[in-house]
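The values are calculated or read from the model by the stated rules, or taken from the named source; none is laboratory data. As the structure is a prediction and not an experimental result, all values here were calculated from the model. FYI the Cβ positions are ideal-geometry reconstructions off the backbone, even for glycines, and counts take in every protein chain you see.
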Amino acid sequence: MGTVFNSSEAQLDRDALAALYEETFRNLEEGTITEGHVVALTKDKVIVDIGYKSEGMIPIDQFSSEELQNVKVGDRLQVYIEECEDADGNLVLSKEKADKMKIWEELEKLYKDEKSIEGKIVSRIKGGMMVDIGVKAFLPGSQIDLHPVRDLDGLVGKTFPLKIIKINHRRGNVVVSRRVLLEETRDKKRQTTMAMLKEGQLIQGTVKNITDYGSFIDLGGIDGLLHITDMSWGRVNHPSEMFTIGDKVEVTVLKYDRETGRISLGLKQKSADPWTNVAGKYPVGTRVRGRVVSLTDYGAFIELEPGVEGLVHVSEMSWTHEVRHPSRVVAVGDQVEAAVLNVDPASRKISLGMKQTAPNPWDMIENKYSVGTRIEGKVKSLTDFGAFIGLEEGIDGLIHISDMSWTKHIKHPSELFKKAQKVEAIVLRIDKEKERLSLGFKQLSRDPWDDAIPSRYHVGDSVTGTVSKVADFGIFVELDGDVEGLIHISETGVEPQTKLEEKFKLQDAIVGKIIKVDREERKIALSLRDHQLDLERRQADEYHSTQGGPDQSLGRAAKQSRKRQQSND
């Protein structure tokens, strides 16, 4: 039997239902999110009941393909109320806006709680990167890493944990940072590392940066300096020879200043100093083999063992060659043999000699080239003071300019010799310690000043020669027998203001009177003036002899010339 309602009860039910609808409508405000359930699915819409007087329509394109495969009638959905009634009186809902509002709520909560969120870098824009964290967010370039990133394009497509540092829902702006999280991680590592760090400790690290003077090692949030001098007991020209950025390395903590936070590290200290027993291992005179590791202008450094190097000075490379640069003899990487010349462990220096591994040719020089020996060689070089003559490989002799001629005044060896010219000479002196061999060219012939010149040239004689040199102080005249005489400027008879080179030319024939023959000084002095006076006197004598009168016309100068001749006689 069915229930029977009287009129008064029916009126009460209608009033209650009206009140319920009124309350429901009051709570459903446009621009808010509410929950509903799916009541139907059509080709282009999903119909949702949110308890309103009519059902709402959501376009199907607001659902992903995966969501469309799973959605079914009866499912509950969070929806956004766009309009309670549009122009046609329909309820307009949006799942897309509801999802975005939910994301913004979550982002604001993460921002408030200072928590991180995963974000995918989607593109590079001016000043930084665009990141997808459910909504588009901006990652400034300065907030990407602890250090500047060169290849920003290489980050596109990668996902990183990020922290929201600024958010504005109304404007739709979100700014995120990766650096903040990296700094937090670094600071935690630093605190842990600093708490357990102590001098003398072995610790693992990563090469973070390389400079000319060393490498910076990341020990875990804090960096230490491994100086180039603490990398190896041997020679390190540049830290890049030993490390590249990212290398893992175990080092020793040499010094840790907790106030400044500075940490000095060492790598060579992990092994014993090889110089502690160098003196016993490499005594003076020992022959050693090693590898050329470095060249300088003054020599070559030879590695005898890891951490121990010796220097072969350029002067110790060859007995026979004047080595101007070590590269003429050896190259980096060559294996060479040398003799230990000196060991100084305190200064960490070993002096080596390469030439000492071969016989010294100067030890046999006295037997081969005794004093007085006549030799033959080629002119190797000319200097202002003499000519170097090559006798054999590495043995040169010097003909000094004073030993080139008995009779001529030689200003430069080029007057007699040319480079590569074959010449003979006499061995004059041997200095084995200084490795010098003195030769003489004039000694090939007898000294004409012993008898030939004094017997041939006498004071008062008039002689003919040719001008060989003109100097400020006089004229050199070449006489017969390859002998030179000097006419001093005071004996030329030229006016003081006249320059000699204007009056006398090379190879000019000239007649002068010998006024001095000095055997000790090896000089013959001539006078043009006296010769001219003698000529005038003879002419005067001849004239008066024809006239029968005395020699009344001799001047004072002629008389003085006659007196000087008589005194020399």
Residues of region 382-441 being closer than 15 Å to Ile365 by Cα and among the small types (Gly, Ala, Ser), in sequence order, are Gly390, Gly394, Gly397, Ser438
Could you tell me which residue of region 148-183 is surrounded by the most Cβ atoms within 10 Å (Cβ to Cβ), considering only residues that are assigned to a strand (DSSP E or B) and touching a residue at least 60 places away in the same chain (Cβ under 8 Å)?
Val174
Determine whether region 495-503 contains at least one residue that is more than 13 Å from Lys469 (Cβ to Cβ) and in contact with a helix residue (DSSP H, G or I) (Cβ under 7 Å, 6 or more places away or on another chain).
no
Condition test on Gly200, is it modelled with pLDDT of 90 or more and in contact with a strand residue (DSSP E or B) (Cβ under 8 Å, 6 or more places away or on another chain)?
no
Qualifying position, being in contact with a strand residue (DSSP E or B) (Cβ under 7 Å, 6 or more places away or on another chain) and either of a type outside the set (Phe, Trp, Tyr) or closer than 22 Å to Val46 by Cα (or both), among Glu67, Glu83, Glu106
Glu83
Has region 112-120 got at least one residue that is polar (S, T, N, Q) and within 57 Å of the chain's Cα centre (by Cα)?
yes
It is to be established whether one or more residues within region 362-381 are surrounded by fewer than 17 Cβ atoms within 10 Å (Cβ to Cβ), without any contact (Cβ under 8 Å) to a residue 24 or more places away in the chain, of a type outside the set (A, V, I, L, M) and in a loop (DSSP other than H, G, I, E, B).
no
Please verify whether Asp396 is assigned to a strand (DSSP E or B), assigned by TED's automatic domain parsing to the domain that holds Lys432 and not small (Gly, Ala, Ser), treating the condition exactly as stated.
yes
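Here is a check on your reading of the model: is Ser561 modelled with pLDDT of 85 or more and in contact with a helix residue (DSSP H, G or I) (Cβ under 9 Å, 6 or more places away or on another chain)?
So Ser561 does not fit the description; no.
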Quick test of your reading of the structure: Leu416 fulfils all but one of (1) within 30 Å of Glu502 (Cβ to Cβ); (2) touching a His at 6+ places or on another chain (Cβ under 8 Å). Name the failing condition by number.
(2)
So the strands (runs of 3 or more DSSP E) completely within region 29-143 holding 2 or more residues that are of a type in the set (Val, Ile, Thr) and farther than 26 Å from Lys158 by Cβ are 33-41, 45-49, 76-83
Flag if Ile263 is at negative phi, touching a Gly at 6+ places or on another chain (Cβ under 8 Å), in contact (Cβ under 8 Å) with a residue 60 or more places away in the chain and surrounded by 15 or more Cβ atoms within 10 Å (Cβ to Cβ)
yes
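In the list Ser94, Ser142, which residue meets the criterion of being in contact with a helix residue (DSSP H, G or I) (Cβ under 8 Å, 6 or more places away or on another chain) and within 30 Å of Lys45 (Cα to Cα)? Before the answer, list the steps.
Working: Ser142 fails: within 30 Å of Lys45 (Cα to Cα).
The conditions single out Ser94.
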Out of region 237-248, which residues are of a type outside the set (Ser, Thr, Tyr) and surrounded by fewer than 17 Cβ atoms within 10 Å (Cβ to Cβ)?
Asn237, His238, Glu241, Ile245, Gly246, Asp247, Lys248
Taking region 223-260 and the residues there that are aliphatic (A, V, I, L, M) and not in a strand (DSSP E or B), the one that is farthest from Thr206 (Cα to Cα) would be Val236
Name the residue, out of Ser351, Ser327, Ser318, Ser405, that is closer than 30 Å to Trp233 by Cα, in contact with a helix residue (DSSP H, G or I) (Cβ under 6 Å, 6 or more places away or on another chain) and of a type outside the set (A, V, I, L, M).
Ser318
Whether any residue in region 78-93 is modelled with pLDDT of 80 or more, of a type in the set (A, V, I, L, M) and either assigned by TED's automatic domain parsing to the domain that holds Gly172 or surrounded by fewer than 16 Cβ atoms within 10 Å (Cβ to Cβ) (or both) is what I want to check.
no
Consider region 427-442. How many of its residues are crowded, with 16+ Cβ neighbours inside 10 Å, within 49 Å of the chain's Cα centre (by Cα) and charged (D, E, K, R)?
1
Looking at Ile210, Ile222, which one is free of Cβ contacts under 8 Å to residues at least 40 places away in the same chain, surrounded by 12 or more Cβ atoms within 10 Å (Cβ to Cβ), over 30 Å from Glu105 (Cα atoms) and under 40 Å from the mean Cα position of the chain (by Cα)?
Ile210
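Determine if region 204-211 includes at least one residue that is hydrophobic (A, V, I, L, M, F, W, C), modelled with pLDDT of 90 or more and not in a strand (DSSP E or B).
So far as region 204-211 goes, no, none of its residues is hydrophobic (A, V, I, L, M, F, W, C), modelled with pLDDT of 90 or more and not in a strand (DSSP E or B).
Is it true that Asp145 is surrounded by 14 or more Cβ atoms within 10 Å (Cβ to Cβ) and of a type in the set (Asp, Glu)?
no
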